[in-house]
Amino acid sequence: MSANKRLIYLDNNATTAMDPRVLEAMLPYFTNKFGNAASRNHPFGWVAEEAVDYAREQVAKLIGADEREIIFTSGSTEAINLAIKGVADMYHSKGNHIITVTTEHKAVLDTCHALEKKGIEVTYLPVDEKGNIDLKELEATIRPTTVLVAIMYANNETGTIHPMKEIGEICNRKGVLLFSDATQVAGKIPVNVKESGIHLLCFTGHKMYGPKGVGVLYVSRKNPRVKVTAQMDGGGHERGMRSGTLNVPGIVGIGKAAEIAMKDMEEEAKRLSTLRDKVENAFLQLEEVVVNGDTEQRMPHVTNISFKHVEGEGLMMTFNQEIAVSSGSACTSASLEPSYVLKALGLGDDLAHSSLRLSLGRFTTDEEVDYAVEKISKGVEHMRSISPIWEMYKEGIDLKSVKWSEH
Amino acid sequence: MAYSDKLLDHFNNPRNVGTLDKDKKNVGTGLVGAPECGDVMRLQIEVDDNGLITDAKFKTFGCGSAIASSSLATEWLKGRSLHEASGIDNMDIVEELELPPVKIHCSVLAEDAIKAAIKDYQEKNGFAG
């Protein structure tokens, strides 16, 4: 990677660049304002505590919560663990059943798997070809022993948005707690936990132009008052739910990121969805291209596309010196399995292997997108020119009828 | 994943991409892998009367390592006898391209493709077994 080569970043669902305004807000808290927010007896502590309180308000506003409902964590993974394990522990006497969805992030799925080993029962709801759950099935799955429904706000791979308001209505009617992983959503589209009837919700700084290493868990204080059992023992910070000295610079950063996002969200979403549609329409001009997920109810900045008869990792190698995207191909994962999210949508493994995810962001420009579309399209053409199955497809051979040698 | 310069060279400048007439008697074709597995390799050899491989072509659907492995295989096949060609071991490919452990299966696939192409040629030309 030479230093003067332009690099185009279209992988904003993995992480975002930090907004310079966020960095500026954080800097004093690394140096002269270094105090511990728990030091109640001197100005160093007061300054830090004041900054944390302010960030708590900024973050609460972003999701329509009260600042007393905000718990700072090290990120979404920790917040997810705290929410799910914390509820399972706290409400154990009420029941031992959790409902989630097959397309959740690994942080949710693996947390549920860990609980299953301890005797908690977990139902994994399937999704349709667009990535949506069946709300009637959700309702029918709720048992008297169900303590929690955990459903992500929007999917990280496809951008499909779940109807949280409808899901919230069902959970509240049934008297079940609802947790939503809003990692890909916070700061991008409007979220209001009260209007949607969400009891626990999490997100992280680094997906919304803030810093890594800081996240938020919202825990409802009223109607109902929710409690989670702490998963780390220590000094009893964050109302006893999350011990550990507060990451003051990080918290200031996520607060500032939330404030900026709230101000710019509407305009940014409009700009990015226009850019995204331009990308998608350009790719759809190529032959044998399909868009994965729900093209109506989805995040404004994401597209997930399969280029048939081309393998995703190989395709990425044609342009990844200059352009960063991600793929559902097995070859990009350590497990050698293609994306379980795309498979859950009913895509064949062949299409999952052929997928790319492009996620645009605040700093993505028109020119970058045009350049990326040109380079990626060329890559697709090249990879097809050396693909035996593209040749077979062009000869009219039904690939499903071919007897392949599995390996 | 950081790949070796040799691998990247084969990926960026694949050797011997193309198609030989599979119906010709002196052409052997090996098609291995499956779209569901994320890689399909087609390797073809053209053999002269003395049993020497005079030409080799490939097309591959797969990741960078799979494409580079098959490109390298065609380079190695040209000018070799069938006997020599059947001795190409996947670990030779692993070493030459410095394949990371998770990509060793790509070299196995290339070895399978070589063996399948030789077998196809031999069957067409009445070799036993």
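The values are calculated or read from the model by the stated rules, or taken from the named source; none is laboratory data. The model shown is predicted, which means the values in this text are computed figures rather than measured ones. Quick reminder, even Gly has a Cβ in these numbers, built from the backbone with ideal geometry, and neighbours come from all protein chains shown. Protein only, heavy atoms only, side chains kept; ligands, DNA and RNA dropped before computing areas. Shrake-Rupley method; radii C 1.70, N 1.55, O 1.52, S 1.80 Å.
Structure notes:
- Estimated FRET transfer efficiency when R0 is 22 angstrom, pair residue A:57-residue A:24 (beta carbons, to 0.05): 0.70
- Per residue accessible area in Å² of segment A:1-153, where ligands, DNA and RNA are left out and the probe is 1.4 Å: 48
- Extension gain, residue A:124 back to residue A:41 (0.36 nm per residue minus Cα-Cα distance, nm): 25.0 nm
- Share of Cα-Cα pairs in chain A lying beyond 39 Å, as whole percent: 23
- With a simple spin-label model that places each label point 7 Å from the Cα along the Cα-to-Cβ direction, the separation between residue B:26 and residue A:269 comes to 6.8 nm.
- Check: segment B:21-129 dipole with +1 on Lys, Arg Cβ and -1 on Asp, Glu Cβ, in debye: 320
- Summed residue charge, Cβ within 15 Å of residue A:48's Cβ, Lys/Arg positive, Asp/Glu negative: -1
- Site-free segments of chain A were taken between chymotrypsin sites (Phe, Trp or Tyr not before Pro) in DSSP loops having at most 14 other Cβ atoms within 10 Å, sites themselves excluded; the longest one is A:35-362.
- The label-point distance for residue A:93 and residue A:140, in a model that sets each label 7 Å from Cα toward Cβ, rounds to 3.4 nm.
- Highest-MSF residue in chain B out of B:73, B:85, B:117 [GNM, Cα springs under 10 Å]: B:85
- Cα-centre dipole for the protein assembly as shown with unit charges at Cβ (Lys and Arg positive, Asp and Glu negative), debye to 20: 1780
- Annotation for segment A:63-136: GluC sites (Glu not before Pro) lying in DSSP loop with at most 12 further Cβ atoms inside 10 Å of their Cβ are A:129.
- Interface B:A - total buried accessible surface [probe 1.4 Å, Å², rounded to 100]: 2500
- With every protein chain in place, segment B:1-71: carbon and sulfur % of accessible area (1.4 Å): 45
- Longest exposed-site-free window of chain A, the sites being trypsin sites (Lys or Arg not before Pro) in a DSSP loop that have at most 11 other C-beta atoms within 10 Å: A:226-402
- Under 16 Å from the residue A:385 label point (7 Å along Cα→beta-carbon), backbone N, segment A:279-321: A:287, A:310, A:315, A:318-319
- Which of A:42, A:353, A:237 is most accessible, then next, and so on - probe 1.4 Å: A:42, A:237, A:353
- Unpaired Cys in chain B, meaning no second Cys C-beta under 4.7 Å: B:37, B:106.
- Relative contact order (percent, whole number), chain A, Cα cutoff 8 Å, 6+ residue spacing: 21
- Mean shadow area of segment A:20-260, taken as a quarter of the surface of its Cα convex hull (nm²): 12.5
- Debye, to nearest 20: dipole size of segment A:214-255, +1 on Lys, Arg Cβ, -1 on Asp, Glu Cβ: 300
- Expressed as a whole percent, the accessible surface of segment A:20-260 that belongs to carbon and sulfur atoms is 53, based on a 1.4 Å probe.
- For segment A:350-392, a reduction of at least 10 Å² in accessible area between the chain on its own and the assembled protein chains (probe 1.4 Å) is found at A:350, A:353, A:382, A:383, A:385, A:386, A:387, A:388, A:389, A:391, A:392.
- Each DSSP beta bridge with both residues in segment A:20-260 is either parallel or antiparallel, and the antiparallel ones are about 40%.
- Dipole orientation for segment A:20-260: of the candidates A:115, A:87, A:160, A:87 has the Cα lying most toward the positive pole (charges on Cβ; Lys, Arg +1; Asp, Glu -1).
- Note on exposure: B:99, A:286 ranked by accessible area (1.4 Å probe, complete protein assembly) read A:286, B:99, with the most exposed listed first.
- R0 of 56 Å, Cβ-Cβ distance residue A:397-residue A:169: FRET efficiency to nearest 0.05: 0.65
- The simple spin-label model puts a point 7 Å past each Cα toward its Cβ; for residue A:116 and residue A:192 those points are separated by 3.8 nm.
- Furthest towards positive pole of dipole, A:34, A:372, B:33, structure part the protein assembly as shown, Cβ charges: A:34
- Candidates A:25, A:114, A:60: whichever shows maximal mean-square fluctuation once chain A is modelled as a Gaussian network with Cα springs under 10 Å: A:114
- Degrees between helix B:104-124 axis and first principal axis of chain B (Cα, 0 to 90, nearest 10): 10
- Proximal charge balance of residue A:258 [Cβ under 13 Å; K/R count +1, D/E count -1]: +2
- Under 15 Å, Cβ to Cβ, from residue A:381 - net charge with Lys/Arg +1 and Asp/Glu -1: +1
- For the protein assembly as shown, the antiparallel share of DSSP beta bridges with both residues in that region comes to about 70%.
- Entries in A:394/B:119; A:308/A:343; A:194/A:227; B:6/B:124; A:136/A:343 that, when Cα-Cα distance is taken, lie over 24 Å: A:394/B:119; B:6/B:124
- Nearest-10 value in Å² for the accessible area of residue A:349, using the 1.4 Å probe: 40
- Within chain A, helices built from complete DSSP H runs that reach 24 Å or longer along their own axis (Cα positions) and carry a mean Kyte-Doolittle hydropathy of 0.0 or higher are A:43-63.
- Choice from A:163, A:300, A:224 showing the highest fluctuation, given a GNM over chain A with Cα pairs closer than 10 Å: A:224
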